[in-house]
1. When all alpha-carbon pairs of segment 152-197 are counted, what percent fall beyond 15 Å?
2. Using per-residue counts of other Cβ atoms within 10 Å, averaged over each peptide, order 178-190, 21-33 from highest down.
3. Which three semi-axes in whole Å describe the equivalent ellipsoid of segment 1-74, each the square root of 5 times a Cα gyration tensor eigenvalue, listed largest first?
4. Among 224-233, 64-73, how do they line up by average Cβ neighbours within 10 Å per residue, starting with the highest?
5. If packing is taken as the average count of other Cβ atoms within 10 Å, what order do 10-18, 139-147 fall into, highest mean first?
């Protein structure tokens, strides 16, 4: 047994563009149905975030300080959904026959009839769903990342071209502002902030830098020399503990070494990177830079 739904109130309405007169083809832009009061359905159109033509048109009016004009063209009492669908289909066809350029995506009714099938859109959705399903597995993500690394390692020209494109994109001030706003919005999320502040995240993200500049298992860790005291340090973190009493100040020593000019001081001492011979022997060999 099929249940027929009956509404105490129903109406067919139109949305009009206040910028055009009643004889313009762009005066009536939308035909719809509702079972609620006039203002509730209009608020839905105005606050809609969809990318439909009608929603874009409403947002365009709001930016200019205007609102669509909603008008009932037919009202009902104790009407069924099927009857409303039939009336909506009739009035959409009628308004189009009058020459109005409606923004309705369908011919009315259930919201499907008359909707053009975009073959390219369906193809893109199928490809997108397939990629999401593939990347849902950790093994596939790891394999894809390794393939990308291998590709750029074997093709330095491709890597340079990619970096050039990224630099050109970042020169756009609107893109920088958008990225900054997105980062600020993400940082307001407690879960995201806790994840970004965790030690594990920073260790994964900065593993190379931590090994290269602060020591670790990497044989290429940057050894440094305190010029004033002729002291050799196997990694920057050891020098930071000696000069500042904490490893977190290693960046201050690196910044001092990378400075241009004669002043390369941190914690009151002058610093430089150790030479290859000093790394082998583990002690200061070049003493020509010692302070007098």
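No lab work stands behind these numbers, since they all come straight from the coordinates. As the structure is a computational prediction, the values presented were derived from the model and not from experiment. When we count neighbours, we look across all protein chains shown, and the Cβ atoms used for this are built from the backbone with ideal geometry, even at glycine.
1. 62
2. Numbers: 178-190: 10.3, 21-33: 16.9.
Those peptides, ordered most packed to least, come out 21-33, 178-190.
3. 26, 15, 11
4. Answer by packing, highest mean first, reads 224-233, 64-73.
5. My ranking of the peptides, most packed first, is 10-18, 139-147.
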